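The values are calculated or read from the model by the stated rules, or taken from the named source; none is laboratory data. Quick caveat, the model's predicted, so the values are computed rather than measured. Neighbour counts are summed over all protein chains in view; Cβ atoms, including those assigned to glycine, are modelled from backbone coordinates with ideal geometry. These accessible areas exclude ligands, DNA and RNA; they are computed on the full protein's heavy atoms, side chains included. Shrake-Rupley method; radii C 1.70, N 1.55, O 1.52, S 1.80 Å.
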Amino acid sequence: MKVWTVVNQKGGVGKTTTAISMAGSLSSQGYKVLLIDADPHASLSNYLNIDDSSHTLYDIFLSNDLTELTDPCTHISCAKGIDIVPANSLLTTLDRQFAQESGKGLVVKKYLAMMHEKYDVTIIDCPPVLGVLMVNALVAAQLVVVPTQTEFLSLKGLSSMMQTIDLLTPSMRENFKIKIVATMFDKRLNACQEAYKRLKSDYPSQLWRGYIPMDTKFRHASEKGLPIQQFSPLSRGSYAYEKLTNKLMQTALTKSSKQTTRVVTASV
Ligand SMILES: Nc1ncnc2c1ncn2[C@@H]1O[C@H](COP(=O)(O)OP(=O)(O)OP(=O)(O)O)[C@@H](O)[C@H]1O
Ligand SMILES: [Mg+2]
């Protein structure tokens with residue numbers, strides 16, 4: 001099973017849209033996908049109209065014995081070929097509860113190890129905040145997808161996110177590669193073109209050489225609670241995410257070659 005984490009500390013850059021759209025693309029190709037909503041705001045769960053689940057990612061964190069948490073206890077089918085572990089607002093309490101506890105950075109990784117045979121790909125949607133949830137999602141990942149809106153302020157946000165990743169200990173980030181994905185790209189706008197050029201020069205090896213275009217179909221798909229592939233399969237947005245997931249599926253799972261200069265604080 002592949003584990004892809006979608007992360008960026010900058011809000012509103014297309015993380016949740018990327019998570020659901022990659023899931024939609026993979027499921028349309030016959031892959032079995034598990035989504036994990038790791039954002040206490042539960043945007044992904046809400047997108048899929050799951051707003052009253054009694055079992056969420058919070059139960060997984062609180063469990064003393066993960067083997068007791070068999071699905072369908074935690075997994076809800078939400079769209080064709082896609083299951084989700086939903087979020088709720090109790091997740092905001094995790095940082096306070098587990099601040100002093102070691103081992104809490106590995107909860108999601110351990111849980112997913114038990115799901116190995118059931119899914120082809122797990123996609124984790126992160127909150128725009130560094131804490132227990134983001135650390136868990138990064139440690140569990142083989143591939144970290146960083147959506148970045150093609151505009152100046154988002155480039156600054158991206159640079160902070162990359163610094164945060166650099167702060168992880170080598171052992172925490174030894175298993176993942178990074179792919180930066182330009183989102184909400186409008187080729188008619190000079191500002192977008194300039195931001196994309198800058199991404200290419202600043203992150204030559206990590207930037208995916210495609211882009212996700214601005215497409216109003218994403219908003220309409222979210223209103224219907226469907227991945228864009230199931231709402232508008234022939235749209236530009238659907239096609240772009242298909243190209244992205246095809247590329248990511250081919251990405252070799254080799255260790256990140258980037259060297260780290262600083263070492264960190266967070267305990268796993
Ligand atoms: N390519 C796109 N074209 C047009 N609209 C988009 C595109 N991608 C995302 N959006 C819209 O932008 C808004 C923000 O997207 P999204 O919720 O995915 O961002 P996010 O990074 O998850 O935000 P947050 O940090 O709050 O979790 C949503 O209304 C979404 O429909
Ligand atoms: Mg989101």
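The table that follows gives values for the structure above.
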read-out	value
Residue pairs meeting the criteria (Cβ under 6 Å; at least 6 apart or on separate chains; first free of Cβ contacts under 8 Å to residues at least 60 places away in the same chain, in the range 213-227; second open to solvent by 30 Å² or more (accessible area, probe 1.4 Å) and among the β-branched types (Val, Ile, Thr))	none
In the range 140-167, the residues that are surrounded by 24 or more Cβ atoms within 10 Å (Cβ to Cβ) and more than 19 Å from Thr17 (Cα to Cα)	Ala140
Hits in the range 168-220 (condition: assigned to a strand (DSSP E or B), within 16 Å of ligand 2 (Cβ to nearest atom) and of a type in the set (A, V, I, L, M, F, W, C))	Val181
Residue check, Leu130 surrounded by fewer than 18 Cβ atoms within 10 Å (Cβ to Cβ), under 17 Å from the mean Cα position of the chain (by Cα) and in contact (Cβ under 8 Å) with a residue 40 or more places away in the chain	no
Subset of the range 173-184 that is open to solvent by 10 Å² or more (accessible area, probe 1.4 Å) and hydrophobic (A, V, I, L, M, F, W, C) - its residue that is farthest from Gly103 (Cα to Cα)	Met184
Subset tally (residues that are of a type in the set (A, V, I, L, M, F, W, C), part of a strand (DSSP E or B) and either within 16 Å of ligand 2 (Cβ to nearest atom) or open to solvent by 10 Å² or more (accessible area, probe 1.4 Å) (or both)) for the range 114-127	2
Residue match in the range 240-248 (condition: closer than 27 Å to Ser43 by Cα, in a loop (DSSP other than H, G, I, E, B) and modelled with pLDDT of 95 or more)	no
Residues that are aromatic (Phe, Trp, Tyr) and in contact with a helix residue (DSSP H, G or I) (Cβ under 6 Å, 6 or more places away or on another chain), drawn from the range 102-123	Tyr111
Long-range neighbours under 7 Å by Cβ, at least six apart or interchain, first residue within 16 Å of Met1 (Cα to Cα) within the range 28-39, second hydrophobic (A, V, I, L, M, F, W, C) and part of a loop (DSSP other than H, G, I, E, B)	Leu34/Met115
Hits in the range 1-57 - residues which are of a type in the set (A, V, I, L, M), open to solvent by less than 20 Å² (accessible area, probe 1.4 Å) and more than 16 Å from ligand 2 (Cβ to nearest atom)	Val3, Leu26, Val33, Leu34
Tally of residues being within 14 Å of ligand 1 (Cβ to nearest atom) and outside any loop (DSSP other than H, G, I, E, B) across the range 230-239	5
